[in-house]
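Quick notes on the structure that follows.
The values are calculated or read from the model by the stated rules, or taken from the named source; none is laboratory data. Since this is a predicted model, take the numbers as computed values, not measurements. We place every Cβ from the backbone using ideal geometry, glycine too, and count neighbours over all the protein chains shown.
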Amino acid sequence: MIPVEMRVDKLTVHTKRTFAIARGSSDSFERVVLTLTEDGFSGRGEAAPTDFYGQNAADVADALGEVMVRDPWDIEGTLSENQSLPPSALAALDSALHDLAASRLNIPVYRLLGLARPEPVSAYTLGIADPGTTLREAKKLSGFPILKMKVGDGGDLETVRQVSEVSDAALWVDANEAFSPEEVSSVAGGLRDAGVRMIEQPVPASAGPEALRRATLAADPLPVIADESAVTARDVPRLAGCASGVNVKLAKCGGIREALSMIHTARAHGMLVMLGCMVETSLGIAAAAQLSGLVDFVDLDGAMLLADDPFDGLVYDSGRIFLPERPGLGVEPVR
């Protein structure tokens, strides 16, 4: 058997403008790319580590440098053997294995998974900013069918109302745990009355499922989606009946295989599914997009936010993501 060559690269990407959420802000993000090469074929995967989950690019790169790949066709076995990797590193390995296998078979990854060709329409995220900046940005994004607004306190709710008056887009709101269990009922009701279509993680995960239940009851009939409360498939059952659905992110759960497990677990509990991302390059977005036909809400705008995406192949058009007719994940490094 030809040995698998491995290469690990760290890179820094920059957003078009400072990206602010309830926990902080940044305009640059360190990412790690794993490349597996065998018999002239290559597969790539991206790790998008975040401090929130106790991961950083240096540690993830070191961990990926120790990866064991005995048989790249044995995706399940290889992932199991490397299960101790940080989740974002495991996601990179998972994506690289799928990319390599599908490339060798000359088919897209979604075909390898037995899925139809995805045609996702993604939300575009507006980070927290002053009302004037947010309103100008919303107007510039005319033609985007879905806008997702980040909020951090009660003052941002008025901005949501103002955007709803100037934009025809469906509005989603992501609080990133910003509101207390005591205030969330009022917040959720206010967002519902403002015409918002979906609310994501309004309360801290540490407050438990009951706080999400309180938000869900107040927001009805708006769906409330758990993000920080739902990291892997093991978290899903306890959220059933408390949140309307869960947000699945490859970097959070550990890759395509674990994402599929989360999706199927959520469906078994009668829950909605959102497919999300970190601020990622088109490589990371391409991996997630393979699963987008299985979900209810798509939020894969990570690469749309970048000023310097180092991969190409995906086409973005006002929130729509077009996958290329290429084998594997369908993206290549910019030359």
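Can we say Leu147 is part of a strand (DSSP E or B), under 16 Å from Ala194 (Cα atoms) and assigned by TED's automatic domain parsing to the domain that holds Ile225? The answer is yes for Leu147. With respect to (1) within 21 Å of the chain's Cα centre (by Cα); (2) under 22 Å from Ser122 (Cα atoms), the lone exception for Val236 is condition (2). Mind listing whichever residues of the stretch 312-322 are part of a loop (DSSP other than H, G, I, E, B) and in contact with a helix residue (DSSP H, G or I) (Cβ under 6 Å, 6 or more places away or on another chain)? Passing the criteria: only Leu314. Being surrounded by fewer than 23 Cβ atoms within 10 Å (Cβ to Cβ), within 24 Å of Met278 (Cβ to Cβ) and among the charged types (D, E, K, R): is that true of Arg197 here? Considered against the rule, which asks whether it is surrounded by fewer than 23 Cβ atoms within 10 Å (Cβ to Cβ), within 24 Å of Met278 (Cβ to Cβ) and among the charged types (D, E, K, R), Arg197 comes out as yes.
Against the test of being within 24 Å of Ile107 (Cβ to Cβ) and modelled with pLDDT of 95 or more, the options Thr78, Thr12 yield a single qualifying residue, Thr78.
Within the stretch 281-335, track down each residue that is of a type in the set (Asp, Glu) and under 20 Å from Ser103 (Cα atoms).
Within the stretch 281-335, Asp312, Glu325, Glu332 qualify.
Being among the basic types (Lys, Arg), farther than 30 Å from Pro324 by Cα and touching a Gly at 6+ places or on another chain (Cβ under 8 Å) is a property that Arg136 lacks.
Whether a residue is assigned to a loop (DSSP other than H, G, I, E, B), surrounded by fewer than 17 Cβ atoms within 10 Å (Cβ to Cβ) and modelled with pLDDT of 95 or more was assessed, and Glu182 passes this test. Please verify whether the stretch 125-141 includes one or more residues that are of a type in the set (S, T, N, Q) and loosely packed, with under 14 Cβ neighbours inside 10 Å. No, there is no match, as no residue in the stretch 125-141 is of a type in the set (S, T, N, Q) and loosely packed, with under 14 Cβ neighbours inside 10 Å.
In the stretch 1-58, the qualifying residues are those that are among the aliphatic types (A, V, I, L, M) and under 30 Å from Lys140 (Cβ atoms), and the one that is farthest from the chain's Cα centre (by Cα) is Leu11.
Residue count for the stretch 231-251 under the criterion of being in a loop (DSSP other than H, G, I, E, B) and closer than 24 Å to Gly190 by Cβ: the result is 3. State all residues of the stretch 129-154 that are over 22 Å from Gly302 (Cβ atoms) and in contact with a helix residue (DSSP H, G or I) (Cβ under 9 Å, 6 or more places away or on another chain); if no residue qualifies, say none. Hits for the stretch 129-154 are Asp130, Pro131, Leu135, Lys139, Gly154. Cβ separations smaller than 6 Å between residues 6+ apart or across chains give the following pairs from the stretch 260-285 residues that are surrounded by fewer than 20 Cβ atoms within 10 Å (Cβ to Cβ) to residues that are of a type in the set (A, V, I, L, M): Ser261/Ala233; His269/Ala240.
Tell me yes or no: at least one residue of the stretch 100-119 is closer than 19 Å to Leu283 by Cβ and free of Cβ contacts under 8 Å to residues at least 24 places away in the same chain. Yes: the stretch 100-119 contains one or more residues that are closer than 19 Å to Leu283 by Cβ and free of Cβ contacts under 8 Å to residues at least 24 places away in the same chain. With respect to the conditions (1) assigned to a helix (DSSP H, G or I); (2) closer than 20 Å to Ile128 by Cβ, Val173 falls short on a single one, namely (1). Filtered by the rule that a residue be touching a residue at least 12 places away in the same chain (Cβ under 8 Å) and small (Gly, Ala, Ser), the stretch 27-53 gives Ser28, Ser42, Gly43, Gly45, Ala47, Ala48. Of the residues making up the stretch 151-196, those that are among the aliphatic types (A, V, I, L, M), over 23 Å from the mean Cα position of the chain (by Cα) and under 14 Å from Lys139 (Cα atoms) are Val163, Val166. Counting only helices (runs of 4 or more DSSP H) wholly contained in the stretch 12-125, the ones carrying 2 or more residues that are touching an Asp or Glu at 6+ places or on another chain (Cβ under 9 Å) and among the charged types (D, E, K, R) occupy 87-105.
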